[in-house]
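The values are calculated or read from the model by the stated rules, or taken from the named source; none is laboratory data. Remember, predicted model here, so these are calculated numbers, not experimental data. Cβ coordinates were reconstructed from backbone atoms using ideal geometry, including for glycine residues, and neighbour counts include every protein chain displayed. Areas reflect the complete protein model, heavy atoms only, side chains present, ligands, DNA and RNA absent. Shrake-Rupley method; radii C 1.70, N 1.55, O 1.52, S 1.80 Å.
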Amino acid sequence: MKITKAVIPAAGLGTRILPATKAMPKEMLPIVDKPAIQYIVEEAVNSGITDILIITNRGKGVIEDHFDRTPALEDALQASGKQTLYDSIKHIHTMANITYIRQIETKGLGHAVSRARTFVSGEPFVVMYGDDVILGDTPAAKELIDAYGEYGKGVVGVKKVSEEAITKYSSLQVEPIRDRVFKCTDMVEKPRVDEILSLYAILGRCVLPPEIFDILDRTAPGAGGEIQLTDAMKELARTYGMTAVEFSGKRYDMGNKLGILQANIEAGLQHPEIGDGLREYLKELSPML
Ligand code: UTP
């Protein structure tokens, strides 16, 4: 079955980057000149997704505004002949069918995804974490969707991380199938050192079959008292097996301060307008570091 639906959970509190996130959702923080969540929606569209559900919450209305029309701005840009800017603004509200649902209670990523049952209506779908931006030549979601087509099982997007980092993420039991593709039969969220299964962690993307919703409904709160998506995927992995794909792009964590700066510097260096200026500035700074 062709995958055309994506769910973007964006209802978290973003406590790691307060006070920036007191009134501004972290998913709207910019990487140079574009909010993080727009990169994610564009990745979805470039992966063949046509319908997107964004899970929001109180204080996240600006996400809906961003993907809505802005008639006054569009008229002003057209009147002043700024066609390229006009096209880039129009693209934001025309690129996909985007709908929204509120999580109401912030009970964890697994709980947020469980709100998507009606939208998904029995089809496999992609989950794209709203604060994980992945930049690269091939969209990460497409790499996962292709693996779903090939192996017919749920897919997790993974990267190898350090021993220190793995205890903050999830750790997967993996067996290589071929370059960058693994069979995954078990996983643990935020493992203690003696629970680490491998240094492969799920980062930001997965493709899930609709069976996940019944599992989520009976998943008890786990690490941090939250309903963890990893705990539900663990049952999926143990029962049906999953596929793990080491995606080719680079992932930036917009949920932590260093991740935001790294994303801005690296995307800034690639940016046609400011790349050269930023490179010069960093060279000037580097002797002082
Ligand atoms: P995080 O755990 O990184 O987000 O969730 P958080 O809870 O906002 O983080 P901190 O610890 O308070 O800084 C990953 C993604 O899942 C969403 C977040 O918005 C983020 O995009 N999420 C998380 C939800 O939609 N609902 C939740 O209950 C938790």
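Show me the chymotrypsin sites (Phe, Trp or Tyr not before Pro) within region 212-289 that DSSP assigns to loop and that have at most 11 other Cβ atoms within 10 Å of their Cβ.
When the chymotrypsin sites (Phe, Trp or Tyr not before Pro) of region 212-289 are filtered for loop state and at most 11 Cβ neighbours within 10 Å, nothing remains.
With a Cα-only, solvent-free Debye model of region 173-289, what are the log10 I(q)/I(0) values at q = 0.23 Å⁻¹?
-1.36
Would you kindly find the accessible area of Ile101, with a 1.4 Å probe and non-protein molecules such as ligands, DNA and RNA excluded, rounding to the nearest 10 Å²?
It works out to around 50 Å².
As a test question: what accessible area, to the nearest 10 Å², does Leu258 have when a 1.4 Å probe is rolled over all protein chains in place?
Counting only protein heavy atoms, Leu258 exposes about 110 Å² to solvent.
Let me check against my output: what whole-number percent is the relative contact order of the chain, with C-alpha pairs under 8 Å and at least 6 apart?
Result for the chain is 23 percent.
Dipole size in debye (nearest 20) for region 1-151 around its Cα centre, Lys and Arg Cβ +1, Asp and Glu Cβ -1?
600
Per the Kirkwood treatment, what hydrodynamic radius in Å, one decimal, follows for region 108-197 from the mean inverse distance over all distinct Cα pairs?
In region 108-197 this quantity evaluates to 15.0 Å.
Please report, in Å, the Rg and the Dmax of the chain, where both are computed over Cα atoms only.
Over the chain's Cα set, Rg and Dmax evaluate to 19.4, 64 Å.
Where does the longest stretch of the chain lie that holds no GluC sites (Glu not before Pro) found in a DSSP loop with 14 or fewer other Cβ atoms within 10 Å?
106-272
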